[in-house]
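**Student:** Once you've had a glance at the structure underneath, I'll fire off some questions.
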Amino acid sequence: MGRAVTDRAPDGSWGRYPPARHRRWALNHRSDRLPGGSNRVLPFGNGRSYGDVCLNDGGTLLLTRGLDRWIAFDPATGVLRAEAGVLLSEILAFSVPQGWFLPVTPGTQFVTLGGAVANDVHGKNHHVAGSFGEQTRAFELYRSDGSRIVCGPEENGDWFRATIGGLGLTGLIAWVEIRLRRIANPWMVAENRRFANLDDFFALNDDYETRYPYIVSWIDCAAAGKGLGRGIYMAGMHAPPGAPTAPPPARRSLTVPFALPISLVNRWSVRAFNRLYYHLPRPARALTPYQPFFYPLDNLLEWNRLYGQRGFLQYQCVIPPEAARDALREILNRIASSGQGSMLAVLKRFGARTSGGLLSFPRPGVTLALDFPHLGQKTLDLLSRLDEVTRQAGGAVYPAKDARMSGEHFRCYFPQWSTFAKFIDPNFSSSFWRRVTAD
Amino acid sequence: MRNILIVGATSAIAEATARRFAALGARFYLVGRNAEKLAAIVGDLEIRGGQAVHSESIDLDWLEQHPALLARAVQALGGIDLALIAHGSLPDQAACQKSVKMTLAAIQTNALSVISLATELANLFEARGRGTLVVIGSVAGDRGRQSNYVYGAAKGMVGLFLQGLRNRLNDKGVHVITVKPGFVDTPMTAAFEKKGLLWAQPDQIARGIVAAVERRRDVVYLPGFWRWIMIVIRHLPESIFKRLKL
């Protein structure tokens, strides 16, 4: 059975904001019971959501990392069923040597399978494979009344669509079944191209999207004027058979040991880093192991501590295709003129695909992800100004990365929220959900 | 090919150890109390490379059942090469102080049932002329402290018993390993605050156990630094130690 953990330490999300305090209930088996009583609970995987979708201030977190067993794997078809607390990194360590890869992966491998479904995460191959929910074949939903609902696109489809992107609110995802994709080896063929502005980006994108399954771009958001929207375009594909058979060298990882009192990421370091990164010579085409291609930050462990005690805020929006150019230009302008730079600005065009999740974020259009050191009110004000642009353009903001959007904006970005609300487990809640439905 | 019997197979340390042996293609006979949890572990170990994973759910406090249990394991595996005894429960010290019954129940689970199994397994291994017996003890068994001396006394008894067994079987081809973990982040210790540097993950202990088997160690503290801590703890004069709030 699950065990209550009375924990005096506060718990945080990846952005280290907002602060929250919890009771914790560790799950170690999928047959463990859920805590009873009126204390509201929320599943918590590996804490890689940035804001408060993984927080439940004043309530209980159901710690799911103890649910880390394989249930079934068919080496002929690549169909894998595993408990929801398994990390994507654990799946890769198991599957890559056997010639299988994740069908969709976000930019870190340190998220749980359950978290990937609950946030309907996306990756560099959205234009060809859609989001994680689209690649999910089935899962079991464990409700606080003790019932267990096996869900798939056809079986209990309404529960399936509510739980994909459902932010952990519809019940505990106990296990998940996905189909892995075949690879010939652990290597990637990667291409890098510099682009001088947004128009160049769109031109490159039209060309590369038809040829490459994995695409992402980095943008220098400290650049203004003529260089507005300049960046690096990165495309890749799994290497064909015949690439080196030797496994990639093991990467050494560094750990940021503690959160500094102030952020190392500030307007000067952002400007310097962005300029350097833009001009850094890099090979146009190269063979690279899959880890640095998909997870460039994963070997700097606990990198969120670089942002200091106050943490940081992410802003990821998606803008519909027809409005994308103008809205992105406006967003980059507003950031440049605020003087608050983003160290990592990432741009990608989503495909015209949908997982069907009622609260899913990915939708046709261009998505831009930014992160800002939390400087207090002026950072919150800047993000509100970005929200004006996103809303006007008919876009949306990603809940998994949000800690501050208004309830009004959320309900406008996710018009199916009231349909979704009917599927929420009466004993489940989150800081995020209370925040966006309070007013 | 290694045939491994694990008693207390649903414990976090045992499961982590089983995963490491599964990757080496071991065959298993898993014994635990909860059939549902055992079934989940069996399925997992098979995918990790474990061969012929058998399981049986039983209440280990029922000592009379031990010989038959071992006979079934031997039958299923065709002989046992390695036995890991990992079951146990962390009693509530304060409650034990008020209840002789609870104290004796804790001694039954953590000491007597372990000694019963170790005796049977030792005889089995001795007759066969080989075998490795690994038992999970605890640093708590090195010195009695007011905060958990019931658990400590049980683990201490097991430690002393294994010393004798090791001595007896030294030239019989039978290897006896006492594992003494420090603080481990498991469901058994869920009630503790686990933020300190002294806390280890079950897999760290598992790695140490596999290494101890390979290197034929006798007594291992896991992680290794506990050896130095316990040297200090064991050598404090009782006149001083009795005043400490440990």
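Values in this text are rule-based calculations from the coordinates and carry no lab data. Computed from a predicted model, the values in this text were never measured in an experiment. Here the Cβ is made from the backbone with ideal geometry for all residues, glycine too, and neighbour counts use every protein chain on show.
**Student:** Can you tell me the FRET efficiency between B:Met102 and B:Leu246 if r is taken as the Cβ-Cβ distance and R0 is 22 Å, rounded to the nearest 0.05?
**Tutor:** Efficiency at R0 = 22 Å is approximately 0.55.
**Student:** Report, please, the projected area of the range A:187-413 averaged over directions, based on the convex hull of its C-alpha atoms, in nm².
**Tutor:** If I average the Cα hull's projected area over directions, I get 13.6 nm².
**Student:** Rounded if a/c is under 1.5, else prolate if a/b is larger than b/c, else oblate: which is the range B:23-131, with a ≥ b ≥ c the root eigenvalues of its Cα gyration tensor?
**Tutor:** It comes out oblate by the Cα gyration axes.
**Student:** Taking the Cα centre of the range A:187-413 as origin, work out the dipole magnitude from +1 charges on Lys and Arg Cβ and -1 charges on Asp and Glu Cβ, in debye rounded to 20.
**Tutor:** 440 debye
**Student:** Quick one: helix B:202-214 against the long Cα principal axis of chain B, what's the angle to the nearest 10°, folded into 0 to 90?
**Tutor:** Rounded to the nearest ten degrees, it is 60.
**Student:** Once the piece of chain linking B:Ala211 and B:Met188 is laid out straight, how much longer is it, given 0.36 nm per residue of separation minus the C-alpha distance between them?
**Tutor:** Difference between extended and current length: 5.9 nm.
**Student:** Another question, then. Return the long-range amide H neighbours of A:Arg40 (sequence gap of 5 or more, or a different chain), with a cut-off of under 5 Å between placed amide H atoms.
**Tutor:** It is A:Thr60, by chain and number.
**Student:** Can you give the translational diffusion coefficient of chain B in µm²/s, computed by Stokes-Einstein from the Kirkwood radius over Cα pairs at 25 °C and 0.890 mPa s?
**Tutor:** Rounded, D is 134 µm²/s.
**Student:** Taking the Cα centre of the range B:3-241 as the origin and placing charges on Cβ (Lys, Arg +1; Asp, Glu -1), which of B:Cys96, B:Trp199, B:Leu5 is farthest toward the positive end of the dipole?
**Tutor:** My answer, from the dipole projection, is B:Trp199.
**Student:** Need the full-extension length gain, B:Leu197 to B:Ala127, defined as separation in residues times 0.36 nm minus the C-alpha distance. One decimal, nm.
**Tutor:** Between B:Leu197 and B:Ala127, full extension yields 20.8 nm more.
**Student:** Let a ≥ b ≥ c be the square roots of the eigenvalues of the Cα gyration tensor of the protein assembly as shown; is it rounded (a/c under 1.5), or, if not, prolate (a/b larger than b/c) or oblate?
**Tutor:** Cα axes put the protein assembly as shown in the prolate bin.
**Student:** Could you please report the charge total around B:Leu84, scoring K, R as +1 and D, E as -1 over all other residues with beta-carbon less than 13 angstrom from its beta-carbon?
**Tutor:** +1
**Student:** Which whole-Hz couplings ³J(HN,Hα) result when phi for each residue of the range A:41-56 is put into the Karplus expression 6.51 cos²θ - 1.76 cosθ + 1.60, θ = phi - 60°, listed in order with x for Gly and Pro?
**Tutor:** For the range A:41-56, the Karplus-derived couplings read 10, 8, x, 10, x, 10, x, 9, 5, 7, x, 10, 5, 9, 10, 8 Hz, x marking Gly and Pro.
**Student:** Could you give the nm distance between label points at B:Glu238 and B:Ala95, where each point is 7 Å from its Cα heading toward the beta carbon?
**Tutor:** The answer from the label model is 3.1 nm.
**Student:** Place +1 on the Cβ of every Lys and Arg and -1 on the Cβ of every Asp and Glu in chain A, take the dipole about the Cα centre, and give the residue among A:Ser406, A:Asn156, A:Phe428 whose Cα lies farthest towards its positive end.
**Tutor:** A:Ser406
**Student:** Moving to a separate point now. From the square roots a ≥ b ≥ c of the eigenvalues of the alpha-carbon gyration tensor of the range A:1-152, which class results: rounded (a/c under 1.5), prolate (a/b over b/c), or oblate?
**Tutor:** Since a/c reaches 1.5 and a/b is larger than b/c, the shape of the range A:1-152 is classed as prolate.
**Student:** Okay, moving on. Considering only the other residues whose Cβ falls under 15 Å of the Cβ of A:Val436, what net charge follows from Lys and Arg at +1 and Asp and Glu at -1?
**Tutor:** Summing Lys/Arg as +1 and Asp/Glu as -1 gives 0.
**Student:** Separate question: Exceeding 31 Å between C-alpha atoms, which entries from my cross-link table qualify? They are A:Lys124/B:Lys37; A:Lys226/A:Lys348; A:Lys422/B:Lys37; B:Lys101/B:Lys242.
**Tutor:** A:Lys124/B:Lys37; A:Lys422/B:Lys37
**Student:** Continuing with this model, one more query. Rounded to the nearest 500, what is the 222 nm mean residue ellipticity of the protein assembly as shown from helices alone, with -39500 (n - 2.57) per DSSP H run of 4+ residues and division by all residues?
**Tutor:** -9500 deg cm²/dmol
**Student:** For chain B, set up a Gaussian network in which alpha carbons nearer than 10 Å are linked by springs, and say which option among B:Ile177, B:Ile209, B:Ile231 fluctuates the most.
**Tutor:** In the Gaussian network model the winner is B:Ile231.
**Student:** Sticking with this one: Which of B:Ala111, B:Ala16, B:Ala35 ends up with the largest GNM mean-square fluctuation for chain B, with Cα atoms connected below 10 Å?
**Tutor:** Highest fluctuation among the options: B:Ala35.
**Student:** Further question: Between A:Ala224 and A:Arg33, 0.36 nm times their residue separation minus their Cα-Cα distance comes to what?
**Tutor:** Taking A:Ala224 through A:Arg33 to full extension adds about 63.2 nm, to one decimal.
**Student:** Using only the alpha-carbon atoms, how far is helix B:12-23 inclined from the longest principal axis of chain B? Give it as 0 to 90 degrees, nearest 10.
**Tutor:** Helix B:12-23 sits roughly 30 degrees off the main axis of chain B.
**Student:** Also, I was wondering about something else. Rounded to whole Hz and in sequence order, give me ³J(HN,Hα) for the range A:346-363 from the Karplus expression 6.51 cos²θ - 1.76 cosθ + 1.60, θ = phi - 60°, writing x for Gly and Pro.
**Tutor:** Whole-Hz 3J(HN,Hα) from phi for the range A:346-363: 10, 10, 7, 9, 6, x, 8, 9, 8, 8, x, x, 4, 10, 5, 7, x, 7.
**Student:** Now, a different point. Check which residues have an amide H placed less than 5 Å from A:Gly365's amide H, if you skip close sequence neighbours.
**Tutor:** HN-HN under 5 Å from A:Gly365: A:Phe350.
**Student:** In addition: Can you bin every Cα-Cα distance in the range A:78-183 into 10 Å intervals starting at zero and give me the percent of pairs per bin, rounded to whole numbers?
**Tutor:** 16, 52, 27, 5, 0
**Student:** Restricting the count to DSSP beta bridges whose residues both fall in the protein assembly as shown, what percent are antiparallel, rounded to a multiple of 5?
**Tutor:** 60 percent
**Student:** Filter the trypsin sites (Lys or Arg not before Pro) in the range B:134-231 down to the DSSP loop ones having no more than 13 other Cβ atoms within 10 Å, then list what survives.
**Tutor:** Listed in order of number, the matching sites are B:Lys195, B:Arg215, B:Arg216.
**Student:** Rank A:Ala235, A:Ala421, A:Ala174 by mean-square fluctuation in a GNM of chain A with C-alpha springs under 10 angstrom and give only the top-ranked residue.
**Tutor:** Largest GNM mean-square fluctuation: A:Ala421.
**Student:** Moving on to the next point. Please give every one of the lysines within straight-line cross-link reach of B:Lys180, meaning a C-alpha to C-alpha distance under 20 Å, and leave out same-chain neighbours fewer than 8 residues apart.
**Tutor:** B:Lys155, B:Lys194
**Student:** Please turn the phi angles of the range B:69-77 into ³J(HN,Hα) values with the Karplus equation 6.51 cos²θ - 1.76 cosθ + 1.60 (θ = phi - 60°), one per residue in order, whole Hz, x for glycine and proline.
**Tutor:** For the range B:69-77, the Karplus curve yields 4, 5, 4, 5, 5, 4, 4, 5, 8 Hz.
**Student:** Scan the range A:143-220 for trypsin sites (Lys or Arg not before Pro) in coil per DSSP, keeping those whose Cβ has at most 13 other Cβ atoms within 10 Å, and list them by number.
**Tutor:** Here the sparse-neighbourhood loop sites are A:Arg211.
**Student:** Same structure again: Quick one: if the Förster radius is 45 Å, what FRET efficiency do A:Asn156 and A:Lys378 give, using the C-beta to C-beta distance and rounding to 0.05?
**Tutor:** Plugging the Cβ-Cβ distance into 1/(1 + (r/R0)^6) gives 0.45.
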